[in-house]
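What follows draws every value from the coordinates through simple rules; no lab data is involved. Quick caveat, the model's predicted, so the values are computed rather than measured. Cβ coordinates were reconstructed from backbone atoms using ideal geometry, including for glycine residues, and neighbour counts include every protein chain displayed.
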Amino acid sequence: MSETNKGLLINRKDCYHYRDLYFDCLEKNNEDKNRCHREFEKFSDVCQSTWVSHFIRKRGVEKYKKTVEPKQDGKSDINVTSGKQSN
């Protein structure tokens, strides 16, 4: 493995590490970004800006999917025909 590839691998691992720390902080603090500003600064310093925006968008999509996935009983929270939430 070349030195360049080794450097990229280390940078990627660091990026993933600080991404996970930031997202863990958000979960622990009820998504309050103000309480996780240090973690975000490190995440955005270590990762390329395109990666930061990608990971944040991806996390948002994954969280959204969890809200509309069918429940265990086969019913979802949202009535597709009316758009209203079921009780």
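Between the residues Ile10, Leu26, Ser53, the greatest Cα displacement towards the positive end of the dipole of region 3-63, with unit charges on the Cβ of Lys, Arg, Asp and Glu, is found for Ser53. Packing around the peptides 25-32, 36-43, 58-65, taken as the average count of other Cβ atoms within 10 Å per residue, puts them in this order, highest first: 36-43, 25-32, 58-65.
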